[in-house]
1. Could you run through the stretch 65-92 and say how many residues are modelled with pLDDT of 65 or more and not in a helix (DSSP H, G or I)?
2. Tally the residues that are more than 14 Å from Arg66 (Cα to Cα), of a type in the set (Lys, Arg) and either in contact with a helix residue (DSSP H, G or I) (Cβ under 9 Å, 6 or more places away or on another chain) or exposed (fewer than 13 other Cβ atoms within 10 Å of the Cβ) (or both), restricting the search to the stretch 26-50.
Amino acid sequence: MSFWLFRWLSSTTVVHVQPDGPEIRRQREERGYGLRGFAKAAHINHGYLSRIERGLRSPQPEVMARIARVLGCRIVDIQRQQTETNDERDDC
């Protein structure tokens with residue numbers, strides 16, 4: 001499976017994959033990590049992690065992989081998916 005932000009499912013449907021910030025935060029806190037300690041373990045800036053959790057930033061796939069590794073889960077477990085058809089994209 002591609003970890004890129006867009007994934008084609010068929011000729012008429014695209015899935016936009018973005019981080020589920022609240023889920024990342026929930027899992028981080030459930031595992032007893034503070035923001036700074038988790039960011040250090042994932043090798044990312046704590047301010048950047050905060051923006052990801054608040055939905056202000058969409059990290060690169062490599063960053064999502066590091067977050068998932070530290071959480072001990074799969075990347076798809078911390079992603080939010082939205083579906084739209086080609087017709088909806090043509091309106092932009």
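1. Just the residues of the stretch 65-92 that are modelled with pLDDT of 65 or more, to begin with: 65-81.
Next, only the ones that are not in a helix (DSSP H, G or I) stay: 72-74, 79-81.
Here the count works out to 6.
2. 2
The values are calculated or read from the model by the stated rules, or taken from the named source; none is laboratory data. The structure presented is a predicted model; accordingly, all values stated were derived computationally and were not measured. Don't worry about glycine lacking a Cβ; one is built from the backbone with ideal geometry, like all the others, and counts go over all protein chains shown.
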